[in-house]
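Read through the structure below, which is laid out as structure tokens, and then see the notes.
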Amino acid sequence: MKLADNKATLSFSNGTPSIEMPVYSGNIGPDVIDIRKLYAQSGMFTYDPGFLSTASCQSGITFIDGDKGELLYRGYPIEQLANHGDYLDTCYLLLKGDLPSEKESADFHKLVNNHTMVNEQMQFFLRGFRRDAHPMAVLTGLVGALSAFYHDSTDITNPEHREISAIRLIAKLPTLVAMSYKYGVGQPFMYPQNSLSYSGNFLRMMFGVPCEDYVVNPVLERALDRIFILHADHEQNASTSTVRLCGSSGTNPFAAIAAGVACLWGPAHGGANEACLKMLDDIQKMGGISKVGEFMEQVKDKNSGVKLMGFGHRVYKNYDPRAKLMQETCNEVLAELGLENDPLFKLAKQVEKIALEDDYFVSRKLYPNVDFYSGIVQRAIGIPVNLFTGVFALARTVGWIAQLNEMIGDPEYKIGRPRQLFTGSPSRNVPGAK
Ligand code: SDX
């Protein structure tokens, strides 16, 4: 970051001396006002619940222009990455900063493939869960439990430890997500098959069974790989900020990523794809396309608490570029499976059309986000609704790790410790206390 030829001056109407603060510029995107000395100089904090106007860090990994609907991973547009290489090439890019050469790509694929198995003890954790446990409850536990098996790589300040734990997490998340699914359906766990691609391996661990060979469908394999790419990172979103804050205490990478899994589960964040599919199902049950108008009235009624899931975004005030790519992927998968007339897909397209013509959504710049179509394509592939967020967590693990490693490698990083505006009781005595 570089000093801008600009300064911010904060003046006070009560005669408190004004304060000058430096302004810094990045390479693209908004400048920042450096308020780090504000409390020392003014005795006051800034106030920004939800962080609508707060940059928590400097980062060179992912850039979003919300007005243009632009998303860049290390400078490369998501539209190009979705059609260039595969998810592991995107992982390499996010972790190392550049796309891999052919040899670097082959070596990275081989390295990840060598770590896809989990310790045999991990399966005994699952036995402690009810069979109908939500897979995100299982996954939060399993990811955190990984730290119990890798005492050789839990020092986050050690670059070698960060490197090997990154590979282990990227390699093992598909295995753990598939195990949480198999446990829920009462089928035996499938071991990874390293002759398959990353996405092909996941499909086989999910839908293969020991009693017969599983043939990977290349269209589904490619679609899943693209879904992983689209979800890989997204600047300082809620779960990434959680991972950064958690990791800032110096805890091990597995624990920090487990915190990200837990945060992603929320319906306002990664849980929105599951909530969106449930919403479409509800509209279908109400009567389908003919009832979309009635549903939209509920959404516009603030007292209903009903939101159009898969719509809206804190940063995108234009169409989420990932939603466009996800819709294309949806078309490909439904065509491959002969489901072009999938009623939920037709309903989703109608809901999108109606919303984009309705001033309530247009005036609030509410557009489809990554979660709007992802549920439909995952359901078509055969992934159960309650596993959608687990798939999101699988894909986002590399982004969390890249952001965590960038923070730890930033010489300016400190433990995150926000302050507050205290609105509680002033000091008072317990009755009878001296
Ligand atoms: C993800 O941050 C990321 O990058 C996240 C993510 C990633 O890759 O990590 O992109 C992934 O989490 C995508 C978002 C998935 N969530 C959903 O689809 C849930 C539905 N969306 C909303 O909950 C909401 O849009 C948020 C949470 C995504 C964003 O909320 P904001 O930025 O806090 O906006 P807001 O709630 O202040 O809304 C502004 C206005 C309000 O109306 P007014 O009070 O101004 O009248 O828009 C309305 C809101 O009521 N609004 C919606 C709406 N989203 C916002 N109204 C109806 N349906 C919606 N979905």
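The values are calculated or read from the model by the stated rules, or taken from the named source; none is laboratory data. The structure displayed is predicted, hence computed values, not measured ones. As a convention, Cβ positions derive from the backbone with ideal geometry for all residues, glycine included, and neighbour counts pool all protein chains shown. Just the protein is used for accessible areas: all its heavy atoms, side chains included, with ligands, DNA and RNA removed. Shrake-Rupley method; radii C 1.70, N 1.55, O 1.52, S 1.80 Å.
Structure values in brief
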| quantity | calculated |
| --- | --- |
| Magnitude of the charge dipole, the chain, Cβ model with Lys/Arg +1 and Asp/Glu -1, debye to 20 | 1540 |
| Per-selection Kirkwood Rh - the chain (Cα, Å, 1 d.p.) | 23.5 |
| Inter-part distance where the range 325-363 and the range 181-209 are each reduced to a Cα centre, Å | 29 |
| Full-stretch length increase - Tyr24, Ser249 - with 0.36 nm per residue and alpha-carbon distance subtracted | 78.4 nm |
| Net lengthening on full extension, Ile354/Gln193 (0.36 nm per residue, minus Cα-Cα) | 53.5 nm |
| Kyte-Doolittle mean at least 0.0, axial Cα span of 27 Å or more - DSSP H helices of the chain | 159-185, 388-408 |
| In Å², nearest 10: area of His313 left accessible to a 1.4 Å probe | 50 |
| Point-to-point label distance, Val219-Asp152, nm (Cα→Cβ direction, 7 Å offset) | 4.4 |
| Calculated [θ] (222 nm, deg cm²/dmol) that DSSP helices of n ≥ 4 give over the chain, each run adding -39,500 (n - 2.57) | -15000 deg cm²/dmol |
| Two-site label geometry, Ile289 and Phe422: point separation in nm, points 7 Å out along Cα→Cβ | 6.0 |
| Surface share of carbon and sulfur [accessible, 1.4 angstrom probe, percent] for the chain | 53 |
| FRET efficiency estimate (nearest 0.05) - Cβ-Cβ, Lys68 to Glu297, R0 30 angstrom | 0.40 |
| Contour minus Cα-Cα distance for Glu328 and Ser304 (0.36 nm per residue) | 5.4 nm |
| Angstrom value of the Kirkwood radius, inverse mean 1/r, which spans all Cα pairs in the range 29-132 | 18.4 |
| Average accessible area per residue (Å²) across the range 36-79 - probe 1.4 Å, nucleic acids and ligands excluded | 64 |
| Using a Förster distance of 22 Å, the FRET efficiency for Lys278-Asp132 (Cβ separation, nearest 0.05) | 0.85 |
| In nm, spacing of pseudo-spin labels at Leu3 and Asp107 (7 Å Cα→C-beta vector) | 4.1 |
| The range 301-385 - accessible surface per residue (Å², probe 1.4 Å) | 44 |
